[in-house]
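A.B. asks: What follows is a single structure, and I will ask about it in a moment.
The values are calculated or read from the model by the stated rules, or taken from the named source; none is laboratory data. Keep in mind that this is a model prediction, so the values were computed, not measured. Here the Cβ positions follow ideal geometry from the backbone for every residue, glycine too, while neighbour counts run over all protein chains shown.
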Amino acid sequence: MYKLLSHNDLDGVGCGIIAKLAFGKEVKVRYNSVSGLDREVEWFFDNENKDTFLFITDLSVNEENEKRLDEFYQRGGRVQLLDHHKTSDHFNQYDWSRVVVEDEDGKLTSATSLFYEYLIAHQLMESSSAVDEFVELVRQYDTWEWEKNENHQAHRLNALFFLVSIEEFEEKMIHRLKTSDHFDFSEFEAKILEMEEHKIERYISRKKREIVQTEVGGLYAGVVYAESYHSELGNELGKEFPHLDYIAILNMGGKRMGFRTIHDHIDVSEVAGHFGGGGHAKASGCSLVDEAYKEFVVETFHLEPLREDAKRNRYNLKRSLFGSLYKNRMEEIFLIYPLNECDWAIDQYKTKMDQTFSSFDEAETFLKRNYGAWLVRDDTFVNYLMEEVKSIRND
Ligand SMILES: [Mn+2]
């Protein structure tokens, strides 16, 4: 018998699907949240037949279970942990564990891709093009590579995963992978997924109007409340507000929070680690412990949301050599403009600030972090210019 304990997201369930393709009725699969795994491992030791081969994928165990698993292995028990989270790196010291974030070709891995590779290498299953394609979609979604590759099939696969129950998803996928030469969606699924995509877009634009900003431990965070679509939200909000180091997403009902960043110089697994959590450099999470609750909820609850920059301007544009006009909630007016060939300056009202900046983006980040300003619409910009002209005439 085999037992698989895996994560309850697409990548984790991808492992379950592969396991059932390989072992059929010979495998028992349990999906867990990050915090639920250790209980399942304890249950395994207390109740399961010791001949059962235990796989753990996409998750890692606490210190106590780490020791128990190693003792189990030393006494001849069969166990294999496969993970791709950076924070699990230390498990590589064990023969029963393999943690790979990036493979030899520099390609980011996922638990499903590692597990599939493992099963093929150990001749526990044979590859097929449909499964190859499925595994690659899961990998691209989990690593967020789909966006760069514009592989919307990967994104849709995750949307489908959330539209149906895990059991239904498993059943559908197993049937499809067994019977088709290529992986694809049915016509009905394609239609539903298109509607779902529009729903996600509307959800995200609402969240863009709810986000507040705060400084925690020297980094700037955008804080938003949301129960679903964390990856999509983190990505879209990160791009809308690039002056923020990362986006913190609070799930109050689940008493958890997620961290997402689009910036290469930020590692949100470190941010989550500070609150007892973990994950990847670009995506991580933790329980809403007291300190996190204080920093992200109590300290920010009274704040006004950020405002988006005007999008459809023809005149008041970023990086304009004539200057870009900004405003904040106190109705303060700011102008970012090039001072000379290499420096940018900011006027607050009509008075130049002392600091100068080596790029427009640097000036804008300063302005947004310290003054909560946004790029104003053309009509405000035109009014401003008309006032300027009047004041020159009156001089
Ligand atoms: Mn994963």
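A.B. asks: Spot the failing condition for SER60; the list is (1) in contact with a Lys or Arg (Cβ under 9 Å, 6 or more places away or on another chain); (2) part of a loop (DSSP other than H, G, I, E, B), and only one is missed.
C.D. replies: SER60 satisfies all of (1) in contact with a Lys or Arg (Cβ under 9 Å, 6 or more places away or on another chain); (2) part of a loop (DSSP other than H, G, I, E, B) except (1).
A.B. asks: So, one more: Looking only at residues that are of a type outside the set (A, V, I, L, M) and crowded, with 20+ Cβ neighbours inside 10 Å in the range 41-57, which one is farthest from the ligand (Cβ to nearest atom)?
C.D. replies: Selected residue: PHE44.
A.B. asks: So how many residues does the range 1-21 have that are surrounded by fewer than 19 Cβ atoms within 10 Å (Cβ to Cβ) and within 16 Å of the ligand (Cβ to nearest atom)?
C.D. replies: Within the range 1-21, residues that are surrounded by fewer than 19 Cβ atoms within 10 Å (Cβ to Cβ) and within 16 Å of the ligand (Cβ to nearest atom) number 1.
A.B. asks: Consider only pairs whose beta carbons are under 6 Å apart and that are at least six residues apart or on different chains; among these, list those whose first residue lies in the range 109-122 and is part of a helix (DSSP H, G or I) and whose second residue is of a type in the set (Ser, Thr, Tyr) and more than 9 Å from the ligand (Cβ to nearest atom).
C.D. replies: Listed pairs, sorted by first residue: ILE120/SER127.
A.B. asks: How many of the residues in the range 216-240 are without any contact (Cβ under 8 Å) to a residue 60 or more places away in the chain, within 19 Å of SER269 (Cα to Cα) and either touching a Lys or Arg at 6+ places or on another chain (Cβ under 8 Å) or part of a strand (DSSP E or B) (or both)?
C.D. replies: So the answer is 7.
A.B. asks: Here's a follow-up. So which residues in the range 298-338 are in a loop (DSSP other than H, G, I, E, B) and among the hydroxyl-bearing types (Ser, Thr, Tyr)? Break it down stepwise before answering.
C.D. replies: Keep residues of the range 298-338 that are in a loop (DSSP other than H, G, I, E, B), which gives 299-323, 328-332.
If the condition is that a residue be in a loop (DSSP other than H, G, I, E, B) and among the hydroxyl-bearing types (Ser, Thr, Tyr), then THR300, TYR315, SER320 are the ones that fit.
A.B. asks: Kindly establish whether LYS67 is of a type in the set (Lys, Arg), surrounded by fewer than 20 Cβ atoms within 10 Å (Cβ to Cβ) and in a helix (DSSP H, G or I).
C.D. replies: Here the answer is yes, as LYS67 does meet what is asked.
A.B. asks: Could you tell me whether any residue of the range 249-257 is assigned to a helix (DSSP H, G or I) and under 22 Å from TYR293 (Cβ atoms)? Walk me through it before giving the result.
C.D. replies: As a first pass, look at the range 249-257 and keep what is assigned to a helix (DSSP H, G or I): none.
No; the residues of the range 249-257 include none that is assigned to a helix (DSSP H, G or I) and under 22 Å from TYR293 (Cβ atoms).
Per-residue answers, yes or no, for (1) surrounded by fewer than 20 Cβ atoms within 10 Å (Cβ to Cβ); (2) of a type in the set (Ser, Thr, Tyr); (3) touching a strand residue (DSSP E or B) at 6+ places or on another chain (Cβ under 7 Å); (4) in a helix (DSSP H, G or I):
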{"site": "HIS182", "(1), (2), (3), (4)": "yes, no, no, no"}
{"site": "TYR203", "(1), (2), (3), (4)": "yes, yes, no, yes"}
{"site": "GLU210", "(1), (2), (3), (4)": "yes, no, yes, no"}
{"site": "PRO242", "(1), (2), (3), (4)": "yes, no, no, no"}
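A.B. asks: Another one. Can you report the number of residues in the range 86-117 which are more than 20 Å from GLU170 (Cα to Cα) and within 16 Å of the ligand (Cβ to nearest atom)? Give the steps one after another, and end with the answer.
C.D. replies: Looking only at the range 86-117, we keep the residues that are more than 20 Å from GLU170 (Cα to Cα), and these are 86-109.
Narrowing further to those that are within 16 Å of the ligand (Cβ to nearest atom): 86-89, 91, 97-103, 107-109.
Total meeting the criteria: 15.
A.B. asks: Give all pairs with beta carbons closer than 6 Å in which a residue from the range 369-389 that is under 25 Å from ALA221 (Cβ atoms) meets a residue that is in a helix (DSSP H, G or I); count only pairs at least 6 apart in sequence or on separate chains.
C.D. replies: Close Cβ pairs satisfying both conditions: ALA373/LEU367.
A.B. asks: If you don't mind, another one. Considering the range 224-244 alone, what residues qualify as being at pLDDT below 95 and of a type in the set (Asp, Glu)?
C.D. replies: GLU227, GLU232
A.B. asks: Checking LYS282 against (1) modelled with pLDDT of 95 or more; (2) farther than 19 Å from GLU201 by Cβ, only one condition comes out false. Which one?
C.D. replies: Going through the list (1) modelled with pLDDT of 95 or more; (2) farther than 19 Å from GLU201 by Cβ, LYS282 breaks only (1).
A.B. asks: With (1) assigned to a loop (DSSP other than H, G, I, E, B); (2) at pLDDT below 95; (3) basic (Lys, Arg) as the list, and LYS390 as the residue in question, which single condition is left unmet?
C.D. replies: Single failed check for LYS390: (1).
A.B. asks: Could I ask something else about it? Consider TYR384 against the criteria (1) at pLDDT below 95; (2) under 38 Å from the mean Cα position of the chain (by Cα); (3) of a type outside the set (Gly, Ala, Ser): it satisfies all of them except one. Which criterion is unmet?
C.D. replies: Condition (2) is where TYR384 drops out.
A.B. asks: Turning to a different aspect of this structure: Checking the structure you have, find out if any residue of the range 363-373 is aromatic (Phe, Trp, Tyr) and surrounded by fewer than 16 Cβ atoms within 10 Å (Cβ to Cβ). Break it down into steps so the answer makes sense when it comes.
C.D. replies: Within the range 363-373, the first condition is being aromatic (Phe, Trp, Tyr), and the residues that meet it are 366, 371.
Still in the running and surrounded by fewer than 16 Cβ atoms within 10 Å (Cβ to Cβ): none.
So far as the range 363-373 goes, no, none of its residues is aromatic (Phe, Trp, Tyr) and surrounded by fewer than 16 Cβ atoms within 10 Å (Cβ to Cβ).
A.B. asks: Could you tell me which residue of the range 141-151 is modelled with the highest pLDDT, considering only residues that are out of contact with any Leu (no Cβ under 9 Å at 6 or more places or on another chain) and in a helix (DSSP H, G or I)?
C.D. replies: Going through the qualifying residues, I end up with ASN149.
A.B. asks: Of the residues in the range 118-138, how many are within 22 Å of ARG176 (Cβ to Cβ), away from the ligand (no atom under 16 Å from the Cβ) and of a type outside the set (A, V, I, L, M, F, W, C)?
C.D. replies: Filtering the range 118-138 for residues within 22 Å of ARG176 (Cβ to Cβ) gives 119-120, 124-138.
If we keep only those that are away from the ligand (no atom under 16 Å from the Cβ) too, we end up with 119-120, 124-133.
Filter again for of a type outside the set (A, V, I, L, M, F, W, C), leaving 126-129, 132-133.
So the count comes out to 6.
A.B. asks: Going by the conditions given, is GLU308 surrounded by 14 or more Cβ atoms within 10 Å (Cβ to Cβ), without any contact (Cβ under 8 Å) to a residue 24 or more places away in the chain and of a type in the set (D, E, K, R)?
C.D. replies: Details: surrounded by 14 or more Cβ atoms within 10 Å (Cβ to Cβ): yes; without any contact (Cβ under 8 Å) to a residue 24 or more places away in the chain: no; of a type in the set (D, E, K, R): yes.
Judged against the criteria, GLU308 is not a match.
A.B. asks: Moving to a separate point now. Just one of GLY24, GLY76 is surrounded by fewer than 21 Cβ atoms within 10 Å (Cβ to Cβ), away from the ligand (no atom under 16 Å from the Cβ) and outside any helix (DSSP H, G or I); which is it?
C.D. replies: Values: GLY24 fails: outside any helix (DSSP H, G or I).
Unique residue meeting the criteria: GLY76.
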